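The values are calculated or read from the model by the stated rules, or taken from the named source; none is laboratory data. Bear in mind the structure is a predicted one, so any value in this text is a computation, not a measurement. Because the Cβ atoms are built from the backbone with ideal geometry, glycine has one as well, and the counts that use them run over all protein chains shown. Heavy atoms of the whole protein, side chains included, go into the accessibility calculation; ligands, DNA and RNA do not. Shrake-Rupley method; radii C 1.70, N 1.55, O 1.52, S 1.80 Å.
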Amino acid sequence: MPSSTAAGARIEITGGLGWRDLESWPPPSTPLPLTLAIGGTLVAEGGATASGTLSYTYDPAAPTPDGGGRTLNPFRTGRRTQTARERRDDVLVFTGDPLDDDLVLAGVPSVELTLASSNPRCDVFVRLCEVDTKGNSRALTDGYRRLPADVAPSESRQVRLELAPLAHRVTAGSRLRLQVSSGAHPLHLRNPGTEDPVRDHSRLLPSVQTVSLGPGTPATLTLPALAAVPGAQDVAETRGVHRRLAR
C-alpha cells in the first residue's frame with residue numbers, strides 16, 4: 001500500500017482517479033451547498049424551495065439496518081447497494097439531478113437539520129450516496145449522533161453532523177442522494193428511547209422524527225468540491241467539476 005509522503009499526504013480518490021499526492025489534508029475546496037427540499041430532492045444554491053415538514057417513525061423493536069458503511073464486518077462493510085434501506089418508511093431520501101460534469105469531492109461533508117422528535121432521546125444518522133445511471137444507490141460516507149435529551153418532546157432544535165472524510169469522483173450523469181434516518185443497526189447500537197443502560201432492551205419506545213424544510217429552517221448538505229484534481233496529468237481530469245450542477 002502506498003505510504004504517506006513526507007511533505008503531505010497520499011490519498012486514493014475512489015471513482016477511478018487512483019492515488020494522488022497532496023500538500024496537506026484536506027486539500028483546498030469550495031463548499032457546495034445543496035438544500036433538502038419537500039419533494040425529496042436536493043436543490044442547488046439559488047433554487048427555490050417550499051416550506052413544510054417530513055416525518056418518519058423510528059421503532060427500536062425493528063431498527064433501521066446499517067446497509068454497509070464503516071464496519072469491520074467483512075460481510076456488511078463498504079459501498080453496499082442501498083435499495084433495501086431506501087425503501088423503508090423510517091428513512092427519508094433526498095436526490096439531486098443528474099450531474100452535467102464529474103464532481104470530485106475531498107474533505108469532510110456536513111449536514112445541518114432542523115429536527116423535532118416526540119422523544120428527545122433520539123439518534124440522527126445521515127448517509128451520502130451516489131446513484132449511477134442505472135439507478136443503483138451506493139453508500140459514500142455517513143455521520144451519526146445520539147442527541148442529548150435537553151429539549152422538550154416535539155421541540156425543534158438545530159443539529160449539525162460532520163460525515164466521515166471522503167475522496168471520491170462522482171461521475172457525470174450520476175446523482176447525489178442523502179438519507180436521513182435514526183438508525184444504522186448494528187453499526188450503531190439501536191436507541192431504545194429510554195434512560196436504561198445501553199444494552200438493556202427491556203423497554204423499547206418508538207418515536208416520531210420531524211424534519212423542517214424551507215426558508216428559515218436549515219436543512220442543508222454541504223460538500224467539499226474540488227476545482228481541479230490533485231496531481232492531475234491531463235486536461236480531462238482538470239475540468240472545473242464543481243461549477244455546473246444541474247439546477
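Packing, taken as the mean count of other beta carbons within 10 Å per residue, orders the peptides 130-137, 53-60 from highest to lowest as 53-60, 130-137.
Each peptide among 138-144, 153-159 gets the average number of other Cβ atoms lying within 10 Å of its residues, and from highest to lowest they stand as 138-144, 153-159. Scoring 111-123, 81-93 by mean Cβ neighbours within 10 Å over their residues and listing the highest first yields 111-123, 81-93. Projecting each Cα onto the charge dipole of the range 88-193 (Lys/Arg +1, Asp/Glu -1 at the beta carbon, about the Cα centre), which of 171, 144, 188 comes out farthest on the positive side? Towards the positive end, the residue furthest out is 188.
For the chain, with all protein chains in place and a probe radius of 1.4 Å, 51% of the accessible heavy-atom surface sits on carbon or sulfur.
Here each label is just a point 7 Å from Cα along the line to Cβ, and for residue 62 and residue 164 those points are 2.8 nm apart. Taking 25 Å as R0, compute the FRET efficiency from the Cβ-Cβ separation of residue 189 and residue 132 and round it to 0.05. Step by step, r from the Cβ atoms, then E = 0.20. Using the Cβ-Cβ distance between residue 200 and residue 30 with R0 set to 41 Å, the FRET efficiency from 1/(1 + (r/R0)^6) comes to roughly 0.30.
Structure remark: mean-square fluctuation, Gaussian network model of the chain, C-alpha springs under 10 Å; the largest value among 26, 63, 148 belongs to 148.
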